[in-house]
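Q: Before I ask anything, here is the structure I am working with.
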2 protein chains.
Amino acid sequence: MTVYTPPLARLIEQLQKLPGVGPKTAQRLALHILQRSDDEVKALAEALIEAKQKVGLCQTCFNLSAEPICPICRNPNRDGSTICVVADSRDAIALEKTREYLGKYHILGGTISPMDGVGPDSLYIPQLVRRASQPEVTEVILAISPSVEGETTTLYVGQLLKPFVKVTQIAFGLPMGGDLEYADEVTLARALEGRRELV
Amino acid sequence: MTVYTPPLARLIEQLQKLPGVGPKTAQRLALHILQRSDDEVKALAEALIEAKQKVGLCQTCFNLSAEPICPICRNPNRDGSTICVVADSRDAIALEKTREYLGKYHILGGTISPMDGVGPDSLYIPQLVRRASQPEVTEVILAISPSVEGETTTLYVGQLLKPFVKVTQIAFGLPMGGDLEYADEVTLARALEGRRELV
């Protein structure tokens, strides 16, 4: 006994492959999609195909880009002396949304994780070393999430780059608006360790 | 300053039109989709187009169907003497999943809601009256959610059909596994009102 008509069943099956989409959400999305106009559904389907076909990686910083060199790398107003190193493109997106950072990026494509078979060679680390050794680069900022793998990656990349360029790491501590009482011990310890003199 | 490369921005924009998908979820889905293989993305896009093109309404019961008459209406093993009336196809799907109901369905396409401009004529009520007046039909079960609009619809349809066919309504009361202490007053009142003698 099939509850769904076959084309609907296939759509629900496909939608369920998306992250965080279970059977109930997939059904809700599918029934919603059937109520949309032909043009709207076509627009969604085309956006899927187009994004998959056109979006690749920037040859310089390995961020997602529809062109060989991404707009940030091409932008002469962005400070080429600073490279901010992140694990993946969503981290670069998050930093871009702050509108505070005006340098360039380098996306590693993940973090070092021997358990998952990800060694330094599976990441864009050699390309980073090459970029960071160019004379115009004066600072490399490591902005990698402080997980076990993240810290390993920060340490590894830091050791590699320190001999020839200034390497800094973003600050970890109590989040803005965070409540000291409810912060976890590791965060509090990092906040204490990273204390600075009031000026 | 655009944070996303244009094809990615368009995909995120399209995904955000789905129900329950905000900017953060849309970004997460889009970045996930970019990591899938070309074939997988194509399969999703094609499932969207195919479902939208092929799925229409059954000419008898107005359930979603890829054929003019749906498999349930065509199935000679389903009891044609009983019609279960529901507001929309997701209600029929929910009932089918119980595997308890072996009669046929009639989907109204919504509930009567004068505030939203939905009168009895905007629903498949005339078609229900025609079906219910056929001699083989002996019972019409009203299974419409007990909202204000749902109750209005149940009352209206009940009054229309009662002169020529037996009309019943599904039971409302404490849900199975529900805790009496935490049930809302309206549910408890309906549970009391619907009490039956123990046999």
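The values are calculated or read from the model by the stated rules, or taken from the named source; none is laboratory data. Everything numeric in this text was worked out from a predicted model, so none of it was measured. When we count neighbours, we look across all protein chains shown, and the Cβ atoms used for this are built from the backbone with ideal geometry, even at glycine. For accessibility, only protein heavy atoms count, side chains too; no ligands or nucleic acids. Shrake-Rupley method; radii C 1.70, N 1.55, O 1.52, S 1.80 Å.
Q: Using a 1.4 Å probe, how large is the accessible area of B:F172, given in Å² and rounded to the nearest 10?
A: So the heavy atoms of B:F172 present about 50 Å² to solvent.
Q: Give the shape of region B:10-75 as rounded, prolate or oblate, defined through the alpha-carbon gyration tensor: a ≥ b ≥ c are the square roots of its eigenvalues, a/c under 1.5 means rounded, and otherwise the shape is prolate if a/b is larger than b/c and oblate if not.
A: prolate
Q: Now for a separate question. Please identify every one of the GluC sites (Glu not before Pro) in region A:1-109 that sits in a loop by DSSP and has no more than 13 other beta carbons within 10 Å of its own beta carbon.
A: Values: sites: A:E13, A:E40, A:E46, A:E50, A:E96, A:E100; in loops: A:E100.
Qualifying residues, ordered by number: A:E100.
Q: Enumerate the amide H contacts of B:Y105 below 5 Å, restricted to partners 5 or more residues apart or on another chain; note that Pro and chain-start residues carry no placed amide H.
A: B:C84
Q: Still on this structure, I have one more. In region B:134-166, which residues have a backbone nitrogen under 20 Å from the label point lying 7 Å from B:L102's Cα in the Cα-to-Cβ direction?
A: B:136-142
Q: Now for a different question. Where in region B:83-111 does the label zone of B:M176 land, with the point 7 angstrom along Cα→C-beta and an amide N cut-off under 11 Å?
A: Residues B:98-100 qualify, since their backbone N sits under 11 Å from the label point.
Q: Let me ask something else. Let's test the formula: R0 of 22 Å, r as the Cβ-Cβ distance of A:A94 and B:K17. What FRET efficiency results, to the nearest 0.05? Let's see the in-between values first.
A: Details: r = 23 Å, r/R0 = 1.05.
It comes to 0.40.
Q: Quick query: amide H of A:Q169 versus all other amide H atoms, modeled in the peptide plane; which residues come in under 5 Å with a sequence gap of 5 or more or a different chain?
A: A:L142
Q: Follow-up question, since we're still on this one. What is the antiparallel percent of DSSP beta bridges lying wholly in chain A, to the nearest 5?
A: Rounded to the nearest five, the antiparallel share is 20 percent.
Q: So the label point sits 7 Å from Cα along the Cα-to-Cβ vector; using that for B:K97, what distances do you get to the other copies, in nanometres, sorted shortest first?
A: When each copy's label point is compared with this one, the spacings are 3.2 nm.
Q: Label-point separation (nm) for A:L188 and B:E185, each offset 7 Å from Cα along Cα-to-Cβ?
A: 4.5 nm
Q: Sticking with this one: Would you compute, from DSSP H runs of 4+ residues alone, the mean residue ellipticity of chain B at 222 nm, taking -39500 (n - 2.57) per run and dividing by the full residue count, rounded to the nearest 500?
A: Numbers: 8 runs with 85 residues, N = 199.
So the calculated ellipticity at 222 nm is -13000 deg cm²/dmol.
Q: Another question, then. Could you tell me which residue in chain B puts its beta carbon nearest the axis mapping B onto A, with the distance rounded to whole Å?
A: Nearest-to-axis residue on chain B, with distance in whole Å, is B:A45, 2.
Q: Using a Förster distance of 45 angstrom, determine the FRET efficiency expected from the C-beta separation of A:E197 and A:N75, and round it to 0.05.
A: With a Förster radius of 45 Å, E is 0.80.
Q: Counting pairs of alpha carbon atoms under 8 Å apart in space and at least six apart in sequence, what relative contact order in percent does chain A give? List each step's numbers first, then the result.
A: Numbers: 219 pairs, mean separation 25.2, N = 199.
Rounded, it is 13 percent for chain A.
Q: Also: Given chain B, what count of lysine pairs have C-alpha atoms under 20 Å apart, with each pair 8 or more places apart or on different chains?
A: 6
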